[in-house]
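Participant: Below: one structure in structure tokens.
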Ligand SMILES: Nc1ncnc2c1ncn2[C@@H]1O[C@H](COP(=O)(O)OP(=O)(O)OP(=O)(O)O)[C@@H](O)[C@H]1O
Ligand SMILES: [Mg+2]
């Protein structure tokens, strides 16, 4: 399902003294099946943009196209529910959405709302509890008795159990421990590959964007200032710095190395593996910084 | 979705009304509320309405914004208006449609009551729109101070008030966030039968309560580690200052009351 935003603008609290324009003339295309990372400084409008992707916010200007559906200022609330089944959103700090008496029921909430049979919803819930590495017996526990990290996993399971075609993630791992972060990010990537799911990730981690994404959108002051594959986006560190963004650690290391060795800047190494290969190749040639 | 709410919001500014001492504003609003009930004929209600509009002008708050924020209250006003129109059966018959009969007196009462409601809501909104929650509670605490003699917990009350006022916007934002999270999971508050709608509120209320309690706990801990020991011997950082504006405002109100007294039938 292709998603496209055409000249989208959004103003919070329009017509009041608190009015605040969060998006200006945003033109974005997210191809079906892509893994798109959205980066941008805090307050640049990333979360606002995300909420347009399943009709939680309707643009105050322009058009949002989600598959065959168009959302504009005039679109009625009723037309949005089918979109929400196809586009699942994991919000910033999703553990705040838990409410049921036990984990199983909470995960079943989404699927049941979208008309999945009780039996099937339960099977899915159990499957996702396991998939997210939650300890045995979690299903019967109250979500409020879990640790912060476990609550986060339950909340994520609640969205995944809807089995959406498009998965939208707003900083899904903020505040988790490093091992947990990697586990969850790897899980999302696996799902992306296996299910051919379109994945959209908002992140402050340039490393995550570089490692997982095949397409990137850079936001600055409510505008989309750059789009392209990570290799292009991270090639120009100076331009990113203008938007108060950095490059992944691997790229900064690579640039230092190149400078020391007197090499011209090559294509950015997006992962540790690529960096290692690059260094091995260069050192193998007998070059290298002394 | 909640962002249009006016009630409990504060818009910083520099108008005559903004610069009044919170004490005079509080006294003003309380006396005004009582004075509203003096009005009982067309001239006196007109005076009330005019005075309210003047106060709004003096505060430089945009009237459109105020009216826009009144929508939830408008429903209540419309309801009482209709009640009066249909259930007062005095005066001349003005209009008849089937079993519906509208009498002159009903229409008059309906309009009066609506004006009364409107000016009350406008004036109290004006108070909260032009006075920061902190000043309101400071003012209230000072005004209620004499009650300490009879062991009334003035400081605690003021603290409770300032905390709740402080957290209204936070809770609204939170409601908005949770609402969106549940909408994204297919919950639907705006359609379905009454029973379904009530059930749809649960996924909203539970997380809201949970987070409110968490916040309360955090706040209590934060206050305690910073040495909060209640009101005993506490001094103030912000000093309240009564100046000519405050006296003027209250004198004008007095004049209005006197006028109301003479104009009422
Ligand atoms: N509910 C709201 N009401 C009014 N203004 C808002 C609201 N939500 C966000 N904004 C404003 O819109 C702008 C964009 O906010 P947004 O949450 O989209 O940023 P973000 O890129 O997600 O930031 P972060 O990285 O901190 O999550 C900000 O200036 C913010 O103050
Ligand atoms: Mg955000």
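Participant: Using the Cα gyration tensor of segment B:156-228, with a ≥ b ≥ c the square roots of its eigenvalues, what is the shape: rounded (a/c below 1.5), prolate (a/b larger than b/c) or oblate (neither)? Please report the intermediate quantities before stating the final value.
Facilitator: On the way: a/c = 3.25, a/b = 2.61, b/c = 1.25.
It is prolate, given that a/c is not under 1.5 and a/b is the larger ratio.
Participant: What translational diffusion coefficient, to the nearest whole µm²/s, does chain A have by Stokes-Einstein, given a Kirkwood radius computed over alpha-carbon pairs, a temperature of 37 °C and 0.692 mPa s viscosity?
Facilitator: Values: Rh = 20.5 Å.
Estimated via Stokes-Einstein, D reaches 160 µm²/s.
Participant: So, one more: When only Cα pairs under 8 Å and 6 or more residues apart are kept, what is the percent relative contact order across segment A:248-289? Please list the in-between numbers first.
Facilitator: Numbers: 27 pairs, mean separation 19.7, N = 42.
Value for segment A:248-289: 47 percent.
Participant: Tell me the label-point distance for the pair residue A:14, residue A:279, using the 7 Å Cα-to-Cβ offset, in nm and rounded to one decimal.
Facilitator: Placing both labels 7 Å along Cα→Cβ, they lie 5.3 nm apart.
Participant: Can you sort B:132, B:164 from fewest to most other Cβ atoms within 10 Å of each residue's own Cβ? Mind dumping the intermediate values first?
Facilitator: Numbers: B:132 18, B:164 13.
So the residues, fewest neighbours to most, are B:164, B:132.
Participant: How high is the FRET efficiency between residue A:130 and residue A:204 when r is their beta carbon distance and R₀ equals 41 Å, given to the nearest 0.05? Could you put the intermediate results ahead of the total?
Facilitator: Values: r = 30 Å, r/R0 = 0.72.
For R0 = 41 Å, the calculated efficiency reads 0.90.
Participant: Could I ask something else about it? I'd like the distance separating the alpha-carbon centroids of segment A:29-50 and segment B:61-102, in whole Å.
Facilitator: Cα centroid of segment A:29-50 versus Cα centroid of segment B:61-102: 48 Å apart.
Participant: Return a whole-number percent for the relative contact order of segment B:156-228, with Cα pairs under 8 Å and 6 or more residues apart as the contact set.
Facilitator: Relative contact order comes out at 27 percent.
Participant: How would you rank A:89, B:113, B:63, A:107, going from fewest to most other Cβ atoms within 10 Å of each one's own Cβ? Kindly include the intermediate steps, with their values, before the conclusion.
Facilitator: Numbers: A:89 25, B:113 16, B:63 11, A:107 34.
Result, fewest neighbours first: B:63, B:113, A:89, A:107.
Participant: Then there's this: As I understand it, the value is the acute angle between the Cα axis of helix A:178-195 and the longest principal axis of the Cα atoms of chain A; what does it come to in degrees, rounded to 10?
Facilitator: That works out to roughly 80 degrees.
Participant: Can you grab the distance from the C-alpha centre of segment B:130-156 to the C-alpha centre of segment A:149-164, Å, no decimals?
Facilitator: 47 Å
Participant: How many Cβ atoms of partner chains, on average, are near each residue of B:185-194 if near means within 10 Å of its Cβ?
Facilitator: On the way: counts 19, 13, 7, 6, 0, 2, 3, 0, 0, 0.
Mean partner-chain Cβ count within 10 Å for B:185-194: 5.
Participant: Now for a different question. Among the DSSP beta bridges whose two residues both lie in the protein assembly as shown, what percent are antiparallel, rounded to the nearest 5?
Facilitator: If I count the DSSP bridges inside the protein assembly as shown, around 55 percent turn out antiparallel.
Participant: In terms of the Cα gyration tensor, with a ≥ b ≥ c the square roots of its eigenvalues, is segment B:46-179 rounded because a/c is under 1.5, prolate because a/b exceeds b/c, or oblate?
Facilitator: Numbers: a/c = 2.25, a/b = 1.94, b/c = 1.16.
Here segment B:46-179 falls in the prolate category.
Participant: As a footprinting exposure proxy, order A:216, A:223 by other Cβ within 10 Å, with the fewest listed first.
Facilitator: Numbers: A:216 23, A:223 15.
With the sparsest Cβ surroundings first, the list reads A:223, A:216.
Participant: Roughly how many Å is it from the Cα centre of segment A:240-266 to that of segment B:228-243, as a whole number?
Facilitator: Cα centroid to Cα centroid, the span is 55 Å.
Participant: For peptide B:175-183, how many partner chain Cβ atoms fall within 10 Å of a residue's Cβ, on average? Each step should come with its number before you reach the end.
Facilitator: Details: counts 0, 0, 6, 4, 2, 7, 14, 5, 10.
That works out to 5 on average.
Participant: Now, a different point. Please label the shape of segment A:88-151 as rounded, prolate or oblate, based on the square roots a ≥ b ≥ c of the eigenvalues of the alpha-carbon gyration tensor (a/c under 1.5 means rounded; beyond that, a/b larger than b/c means prolate, else oblate). If you can, show how the numbers build up before the last one.
Facilitator: On the way: a/c = 1.64, a/b = 1.24, b/c = 1.32.
It comes out oblate by the Cα gyration axes.
Participant: A further question on this structure: Computed over the Cα atoms of the protein assembly as shown, what is the convex hull's projected area averaged over all directions, in nm²? Each step should come with its number before you reach the end.
Facilitator: Numbers: hull surface 145.4 nm².
Average of the hull's projected areas for the protein assembly as shown equals 36.4 nm².
Participant: Expressed as a whole percent, how much of the Cα-Cα distance distribution for segment A:248-289 exceeds 15 Å? Could the numbers behind the result be given before it?
Facilitator: Numbers: 267 of 861 pairs.
Here the long-distance tail beyond 15 Å is 31 percent of all Cα pairs in segment A:248-289.
Participant: Right, next: Mind checking A:96-102 for the average number of partner chain beta-carbons within 10 Å of each residue's beta-carbon?
Facilitator: Numbers: counts 9, 13, 5, 13, 3, 1, 0.
Whole-number average of other-chain Cβ neighbours for A:96-102 is 6.
Participant: Using a simple spin-label model with points 7 Å from Cα along the Cα→Cβ vector, what separation in nm is obtained for residue B:97 and residue A:81?
Facilitator: In this crude spin-label approximation the distance works out to 3.4 nm.
Participant: Once every DSSP H run of n ≥ 4 in chain B is given -39500 (n - 2.57) and the sum is divided by its residues, what mean residue ellipticity at 222 nm do you get, rounded to the nearest 500 deg cm²/dmol? Could the numbers behind the result be given before it?
Facilitator: Details: 9 runs with 179 residues, N = 265.
It lands at -23000 deg cm²/dmol.
Participant: In nanometres, what is the gap between the two model label sites at residue B:105 and residue A:101, each 7 Å from Cα along Cα-to-Cβ?
Facilitator: Taking the two extended label points, one gets 5.6 nm.
None of the figures in this text is laboratory data; all of them are computed from the coordinates on show. Because the structure is predicted, anything quoted here is derived from the model rather than measured. Neighbour counts are summed over all protein chains in view; Cβ atoms, including those assigned to glycine, are modelled from backbone coordinates with ideal geometry.
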